[in-house]
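Q: What follows is a structure written as C-alpha cells; I'll ask about it next.
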Amino acid sequence: MNIELTKDTDVFLNICDKVRETRDCRIKTNLLFNVMLSGIYEDKTKTYITYDNQNLVGCALLTLQKDMTDSQTLFVVYMFIDRHYPELSGEYMEFIENKAREWKATKISFTTHRNPKAVIRKYGKYGYQHRCSVIEKILDKEVI
C-alpha cells in the first residue's frame, strides 16, 4: 500500500472523522485540522495517508522541531491505522523512520493517552521505548 503526502482539505476532514470515531480520543478535531492546514503553508508539518479503494486505512501527521533538550525531533502528532490492516503499522513505522533520517532528526517522539504498556506492546518491536510520562492536573474550567 502506498503512503502518500496530502494537502487536500477534504482528506483532512476525512481524518478528523476518524478521530471522532475513535473511542475516548481527546484530540480536538478543529485543532488537528488547523495543524494539517498549516502544513500546506509551512514545510515542517506534513500529513501522510493510505487509502484502500475509497477507504482511509492509515494516516500520520508529522512535524519536525526541536524538543526541550534541543534535539531535532520528528513528532508524530497523530497516527491512525485501521485495525483490519495490521501490516500497515510496520509500513508506517518504517516510513516514519525514513522521514526522520531524511529530515535529519535525531529522534522520533509521540504522545498518547493510551496505557504505555499497550503502546510498547504494539510498537516495542519497532524499537520504541517508554521514556517518560506526562503528569497533569485538570483545572476547573472556571479557573482557566
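Readers should treat all values here as calculations from the given coordinates under stated rules, not as data from a laboratory. All of these numbers come straight from a predicted model, not from anything done at the bench. Backbone-built Cβ (ideal geometry, glycine too); neighbour counts: all protein chains shown.
Q: Part of a helix (DSSP H, G or I) and more than 19 Å from Leu13 (Cβ to Cβ), is that true of Arg131?
A: It is false that Arg131 is part of a helix (DSSP H, G or I) and more than 19 Å from Leu13 (Cβ to Cβ).
Q: Still on this model: So, in segment 98-109, of the ones that are surrounded by fewer than 18 Cβ atoms within 10 Å (Cβ to Cβ), in contact (Cβ under 8 Å) with a residue 12 or more places away in the chain and not in a loop (DSSP other than H, G, I, E, B), which residue ends up farthest from the chain's Cα centre (by Cα)?
A: Lys107
Q: Let me ask something else about it. Among Leu88, Leu62, Leu56, Leu74, which is in contact with a helix residue (DSSP H, G or I) (Cβ under 9 Å, 6 or more places away or on another chain) and in contact (Cβ under 8 Å) with a residue 40 or more places away in the chain?
A: Leu56 is the lone residue from the list that is in contact with a helix residue (DSSP H, G or I) (Cβ under 9 Å, 6 or more places away or on another chain) and in contact (Cβ under 8 Å) with a residue 40 or more places away in the chain.
One line per residue, one yes/no per condition, for (1) out of contact with any Pro (no Cβ under 7 Å at 6 or more places or on another chain); (2) in a loop (DSSP other than H, G, I, E, B); (3) under 23 Å from Asn2 (Cα atoms):
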position: Ile27; (1), (2), (3): yes, yes, no
position: Thr63; (1), (2), (3): yes, no, yes
position: His84; (1), (2), (3): yes, yes, yes
position: Phe95; (1), (2), (3): yes, no, yes
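Q: Search segment 15-33 for residues that are touching a residue at least 12 places away in the same chain (Cβ under 8 Å) and hydroxyl-bearing (Ser, Thr, Tyr) and pair each with any residue that is buried (at least 16 other Cβ atoms within 10 Å of the Cβ) and outside any loop (DSSP other than H, G, I, E, B) when their beta-carbon atoms are under 7 Å apart and the residues are at least 6 apart or on different chains.
A: Every condition considered, the pairs that remain are Thr29/Cys16; Thr29/Val19.
Q: Could you count how many residues in segment 34-50 are in a strand (DSSP E or B) and in contact (Cβ under 8 Å) with a residue 40 or more places away in the chain?
A: Counting residues in segment 34-50 that are in a strand (DSSP E or B) and in contact (Cβ under 8 Å) with a residue 40 or more places away in the chain gives 5.
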